[in-house]
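Q: Submitted below is the structure of interest, expressed as structure tokens.
The values are calculated or read from the model by the stated rules, or taken from the named source; none is laboratory data. These numbers come from a predicted model, not from an experiment. Virtual Cβ from ideal backbone geometry, glycine too; neighbours counted across all protein chains shown. In case anyone asks, the SASA skips ligands and DNA or RNA and just uses the protein heavy atoms, side chains included. Shrake-Rupley method; radii C 1.70, N 1.55, O 1.52, S 1.80 Å.
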Amino acid sequence: MSWGTELWDQFDNLEKHTQWGIEFVERYTKFVKERSEIEISYAKQIRNLSKKYQPKKNSKEDEEYKYTSCRAFLSTLNELNDYAGQHEVIAENLTSQIICELTRFVQELKAERKSHFHDGRKAQQHIENCWKQLESSKRRFERDCKEADRAQQYFEKMDADINVTKADVEKARQQAQMRHQMAEDSKNEYSACLQKFNQEQNEHYYTLIPHIFQRIQDMEERRIQKVGESMKTFAEVDRQVLPIVGKCLDGMTKAAESIEPKSDSNQVIESYKSGFEPPGDVEFEDYSQPMKRTASDTSLSNSRNEGKPDKPISKSKGKLWPFIKKNKLSLKLGSGPEDFSHLPPEQRRKKLQAKIDEINKDIQKEMDQREALTKMKDVYLKNPQMGDPSSVDPRLAEISQNIEKLRLELQKFDGWLAEVEGRMPVRSDSSKRQSGMFEAQNNAPVNNNCAQDRESPDGSYTEERSSEAQVKEFDDEFDDEEPLPTIGTCKVLYPFEGQNEGTISVAEGEVLHVIEEDKGDGWTRVRRNDDEEGYVPTSYVEVFLENTKGAMTYI
């Protein structure tokens, strides 16, 4: 149905309706804009939430992320950050695909509507002017007809009056004829105006107005269609990001499924185990016999040397770990010795290994810088116009000094690591060997320059024996053990200078017997010619175990 034929007389109502339609588009645009602002605000809040719970660099929280649950939480935070990004994409698409489009469309719509109704008013004004002309000619014709009738009546009256002169009668007759002629002219003019008006009116209501209203109808239908397309886009903008949002949620689910309680439980052991043997039974000290009184440390060492089975003490007045008091003090002060001697052996080994890894990274960084500067210097030598080669020398010298310092520091920490790994309890099936190693480790000082304190049963502290005596005791017990059986062979890949106690020097290509494989500390125990044995770095040898189906290689 066409507005031009059905609504030919509803010009004002159509004007109001189209104005309402434009206002509706503007209101919908405002709605989408507010939705976009909500998406941006929501994305910002989600990002801030994710950032708030992200671990800070070089903080204690970094240690937490060795647990699977913490790593899963970190993955969830990262996925949540990506999830927030998708809401930002929604806001951007709403702005570009709907808000900007509708804003431009409304401006065009207003201009088009104004043009159409201007043409309509113009046509309306024209037909109104034609109607006024017709009314004017009609009134003139009516007035002339009345004047002609009065003139005719006056003539007839004068003609019938015998007292009126002939000249007056003739004058009245001429006046009547003139009025009749004027009435006839007005009639012809009125007839012409009427014919013209009918033509104009017919064209107005059957041609001009239908054409204008049709254009207004087309404009309104385009507006409605545009609103429908925008509403569809409104839904599609969300639908487009659903696959990525789904991947984010899948990532969160995968992170949650990656949590391994057993692994986290074992990680607690790896993080906090000291490597010490549980304390043995405390020997009864008979103070009723003065001659049998002994020092607390002697009774403790005797209790261990008697070979009694080690039993944990559940209800003991004093803890017998030699590092407890000192360790707590160091933690309170927030610092410790450079060699981490205030820590238990296992924790000390981990700290030293981490320090060694850090130094190696620094060395590699300095070497990369040196290599880059060397290449730059070569370029300057070949192309002097690009720069002065000697300008690079101070920096190269500085880097060389830094590398030398780092290597000296690395050697120092390597020595401490070899020392602690040599004294740590070696996991073996031989209970006799394990007991000897534990005793040597517990009696040995953590640092040659720092004596360990012990807590006696009565709460007092006594100084341990000298480090030389303890090392001697360790060596004696180590030498008294029966030789371990060979479990395989190994081939030396790189030469190693065994400068630390418990290690052995090897040459590249040498074949040795393996008597104890790597227990996770990076060292393998080997023997040469059945009389010389010690530890070598696992990464320096290729190991072939006899009790496996295939060769096991440590690179």
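Q: How about segment 258-361: which helices (runs of 4 or more DSSP H) wholly inside it have at least 1 residues that are aromatic (Phe, Trp, Tyr) and either at pLDDT below 70 or open to solvent by 70 Å² or more (accessible area, probe 1.4 Å) (or both)?
A: On the way: elements: 261-272, 296-305, 324-333.
Filter on segment 258-361 gives 261-272.
Q: Using the structure shown, decide if GLU142 is without any contact (Cβ under 8 Å) to a residue 60 or more places away in the chain, open to solvent by 40 Å² or more (accessible area, probe 1.4 Å) and over 60 Å from the mean Cα position of the chain (by Cα).
A: yes
Q: For segment 498-520, give me each residue that is surrounded by fewer than 14 Cβ atoms within 10 Å (Cβ to Cβ) and within 16 Å of GLU421 (Cβ to Cβ).
A: GLN499, GLY520
Q: Just to be sure I understand, how many residues within segment 236-252 are open to solvent by 70 Å² or more (accessible area, probe 1.4 Å) and either within 17 Å of LEU80 (Cα to Cα) or among the basic types (Lys, Arg) (or both)?
A: Number of matching residues: 7.
Q: Here's something else I'd like to know. Could we say that SER36 is at pLDDT 90 or above, under 16 Å from GLN267 (Cα atoms), out of contact with any Lys or Arg (no Cβ under 9 Å at 6 or more places or on another chain) and assigned to a helix (DSSP H, G or I) here? It would help to see each step written out before you state the result.
A: Values: at pLDDT 90 or above: yes; under 16 Å from GLN267 (Cα atoms): no; out of contact with any Lys or Arg (no Cβ under 9 Å at 6 or more places or on another chain): yes; assigned to a helix (DSSP H, G or I): yes.
Considered against the rule, which asks whether it is at pLDDT 90 or above, under 16 Å from GLN267 (Cα atoms), out of contact with any Lys or Arg (no Cβ under 9 Å at 6 or more places or on another chain) and assigned to a helix (DSSP H, G or I), SER36 comes out as no.
Q: Being modelled with pLDDT of 85 or more, within 38 Å of the chain's Cα centre (by Cα) and closer than 30 Å to GLN267 by Cα is the requirement here; does ASP368 meet it?
A: no
Q: Look through PHE117, PHE24, PHE31 and report the one residue that is more than 24 Å from the chain's Cα centre (by Cα), open to solvent by 70 Å² or more (accessible area, probe 1.4 Å) and of a type in the set (A, V, I, L, M, F, W, C).
A: PHE31
Q: Let me ask another. Answer with yes or no whether SER41 is out of contact with any helix residue (DSSP H, G or I) (no Cβ under 7 Å at 6 or more places or on another chain), of a type in the set (Ser, Thr, Tyr) and modelled with pLDDT of 95 or more.
A: It is true that SER41 is out of contact with any helix residue (DSSP H, G or I) (no Cβ under 7 Å at 6 or more places or on another chain), of a type in the set (Ser, Thr, Tyr) and modelled with pLDDT of 95 or more.
Q: Could you look through segment 44-63, keep only residues that are touching a helix residue (DSSP H, G or I) at 6+ places or on another chain (Cβ under 6 Å) and assigned to a helix (DSSP H, G or I), and pick out the one that is farthest from GLU220 (Cα to Cα)?
A: Checking each candidate, the answer is SER50.
Q: If the requirement is being more than 60 Å from the chain's Cα centre (by Cα) and open to solvent by 80 Å² or more (accessible area, probe 1.4 Å), which of these qualifies: GLN177, GLN152?
A: Just a single option satisfies the conditions, and that option is GLN177.
Q: Further, regarding this structure: Name the pairs: first residue in segment 17-33 and under 15 Å from ARG113 (Cα atoms), second residue open to solvent by 20 Å² or more (accessible area, probe 1.4 Å) and β-branched (Val, Ile, Thr), Cβ to Cβ under 7 Å, at least 6 apart or on different chains?
A: Nothing qualifies.
Q: Out of segment 494-514, which residues are assigned to a strand (DSSP E or B) and in contact with a Gly (Cβ under 9 Å, 6 or more places away or on another chain)?
A: THR503, VAL506, HIS513, VAL514
Q: Here's something else I'd like to know. Considering each residue of segment 1-16, count those that are over 20 Å from HIS118 (Cα atoms) and part of a helix (DSSP H, G or I), and give that number.
A: Number satisfying all stated conditions: 1.
Q: Is it true that ASP388 is modelled with pLDDT of 75 or more, open to solvent by 60 Å² or more (accessible area, probe 1.4 Å) and not polar (S, T, N, Q)?
A: yes
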